[in-house]
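Presented below is the structure to which this report refers.
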Amino acid sequence: MTTQLDERARDILRANDRGGYTVPNGRVYPFQWNWDSAFVALGFATFDQDRAWREVETLFEAQWPDGFVPHIVFWKDDAGYFPGPAVWGTGRSPLTSGITQPPVASSVVRSLWLRAERSATFRPRLEQLFPKLLAWHRWFAEVRDPLGKGVVIAVHPWETGRDNSPEWDAPSQVIDTSRVGEYKRRDTTHLDQSMRPTKIEYDRYLALVQAGRDMGWDQRRIAREHPFRVADVGMSMMLLRANRDLAALADDLGRKAEAEELRGYVKRAEAGLDYLWDDSIGAYCSRDSINGRFSGLVTSASFLSFYAGLKHDKHDSSTLQHFERISKRVRYVMPSLDPDDPGFDSIRYWRGPVWAVVNYMIGTGLSEAGHSGPAQRVRSDTRALMEGAGLYESYCPVSGRGSGGGDFSWTSAIWLHWARSG
Ligand code: GLC
């Protein structure tokens, strides 16, 4: 089984390789996606290290001069996807979207570097990537942390990577959709409607894209004036982890000042991320930065505090209690939404299904924090899902059925890098 799936996963990565970058899935997502590419590199690294580094390098070729790294790079146009480059209208070369995605690239580069055993062959490539990664982290600190707490403010649900999470429902209410007009979605022609966001949610996504375009994609202005400005628990935890990993890379490169700067960001977040602790539910969750309201929801992102390296006895034990409760309610952890929440929907995007990449981060964090029981559960469930259903975009936590697109790149990568030995 393992060897068969290994071969299948490698075939999927090779088939989705467009030469220097990998599409998440040829039909539904025909471009380069930011955090997908990072995870994909972990998969390539298991059989082709050179190709793994190339994936991240290609992504950073699309970095804007201010350090921002876009969520999609449209290396080649494809009429099968909406909204395409003309709708974004960022006017960049290469063509890109105007929002970012979770900053996992530095953590991935650190994995690549360690897998290469810090070899001299890859050192020049690390030297080249390091300032680019640092520029992106600085951009987060300067543009997306207006509270000065190390908390990331997302200005579009798509930035969080958990596009359709119910955490965005309340903050999205204020988005004016009156100017959106007619458009033709493409996602629902490729996939079952019952799995995808509804029309009003899609109208809001587009209204935010239009608002960004109207502001000329001036990121500082967007961060101040956009109608949607949510402190995302997922991105905040991943950035904290990424800052630690980039600081370790700075140490290896002998860049003392940069290492110190990055450890400054780490300290700021360690003190500031309490902002995302919702005591009424006993969990970390996202929070609307405009009115200060918590989402009040336990999601898969609530379990990323271990991956971030946060240590807090009371918070940790409360989070682990949620883990225990949820792991008894569903066959496969970690559902993207608490199954006891009335909005839980086992097959709809980010309202129930399990994502392998999120499990990888949760499992890694739990294991590093010494919670070996829950860590093992996450990893073996991920493995069982992939063995049972194949390498899907996501999975139903109840039945284990695959949902979303099939032959998915980052799922294949997580199989090769992590889940196969679970
Ligand atoms: C969906 C996911 C997002 C991912 C993209 C490509 O939009 O919500 O996280 O990056 O698909 O796989």
At what distance in angstrom do the alpha carbon centres of the stretch 14-48 and the stretch 292-349 lie from each other?
28
Hey, if you put +1 on the Cβ of every Lys and Arg and -1 on every Asp and Glu Cβ in the chain, which of G296, L147, T411 ends up farthest toward the positive end of that dipole?
T411
Hz values of 3J(HN,Hα) by residue in the stretch 347-363 - Karplus curve (6.51, -1.76, 1.60), Gly and Pro given as x
10, 8, 2, 6, 10, x, x, 9, 10, 4, 5, 5, 4, 4, 5, 4, x
Rounded to the nearest 0.05, what FRET efficiency do D48 and N291 give with R0 = 51 Å and r taken as the Cβ-Cβ distance? Could you check?
0.60
Quotient of Cα Rg and 2.2 N^0.38 Å for the chain, N being how many residues it contains:
0.90
Calculate for the chain the 222 nm mean residue ellipticity that helices alone would give, adding -39,500 (n - 2.57) per DSSP H run of length 4 or more and normalising by residue count, nearest 500 deg cm²/dmol.
-15000 deg cm²/dmol
Solvent accessible area, Å² - R138, 1.4 Å probe, full protein context
90
Relative packing of 395-401, 409-415, which averages over residues the other C-beta atoms within 10 Å, highest first
409-415, 395-401
What distance in nm lies between label points placed 7 Å from Cα along the C-beta direction at E127 and D218?
4.0
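Nearest 0.05, what FRET efficiency do S280 and D251 give at R0 = 56 Å with Cβ-Cβ as r?
Working: r = 40 Å, r/R0 = 0.71.
The computed FRET efficiency comes out at 0.90.
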Stretched out fully, how many nm does the piece from E142 to S421 gain, at 0.36 nm a residue minus the Cα gap?
96.5 nm
Give me the lysines in straight-line cross-link reach of K132: C-alpha distance below 24 Å, same-chain residues under 8 apart excluded.
K76, K149, K256, K267
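Please state the charge dipole magnitude for the stretch 1-64, taken about the Cα centre, from unit charges on C-beta atoms (+1 on K and R, -1 on D and E), reported in debye and rounded to the nearest 20.
Working: 7 positive and 10 negative charges, 40 e Å.
Dipole size: approximately 200 debye.
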Measuring from a point 7 Å past the Cα of E7 along Cα-to-C-beta, which residues in the stretch 384-422 have an amide N at less than 17 Å?
387, 390-391, 416
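With every protein chain present, what is the per residue accessible area of the chain (1.4 Å probe, Å²)?
37
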Spatial separation of Cα centroids for the stretch 368-415 and the stretch 92-123, in angstrom:
23
Using 0.36 nm per residue of separation minus the Cα-Cα distance, give me the extension gain between L114 and Q376 in nm, one decimal.
92.0 nm
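Sorted by average packing, counted as other Cβ atoms within 10 angstrom per residue and highest first, what order do 214-221, 36-43 take?
Working: 214-221: 15.0, 36-43: 27.9.
In descending order of packing, they fall as 36-43, 214-221.
Quick check for me: using +1 on Lys/Arg Cβ and -1 on Asp/Glu Cβ, what's the dipole size of the stretch 2-421 about its Cα centre, in debye to the nearest 20?
Details: 53 positive and 54 negative charges, 46 e Å.
That gives the stretch 2-421 a dipole magnitude of about 220 debye.
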On the formula 1/(1 + (r/R0)^6), with r taken between the Cβ atoms of R325 and Q173 and R0 of 35 Å, the FRET efficiency rounded to 0.05 is 0.75
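How do the peptides 118-125, 169-176 rank, highest first, by the average count of neighbouring beta carbon atoms within 10 Å per residue?
Numbers: 118-125: 12.8, 169-176: 16.1.
In decreasing order of mean packing, 118-125, 169-176 become 169-176, 118-125.
The values are calculated or read from the model by the stated rules, or taken from the named source; none is laboratory data. Computed from a predicted model, the values in this text were never measured in an experiment. Note that each Cβ is placed from the backbone with ideal geometry, even for glycine, and that neighbours are counted across all protein chains shown. Accessible surface areas use protein heavy atoms only, side chains included; no ligands, DNA or RNA. Shrake-Rupley method; radii C 1.70, N 1.55, O 1.52, S 1.80 Å.
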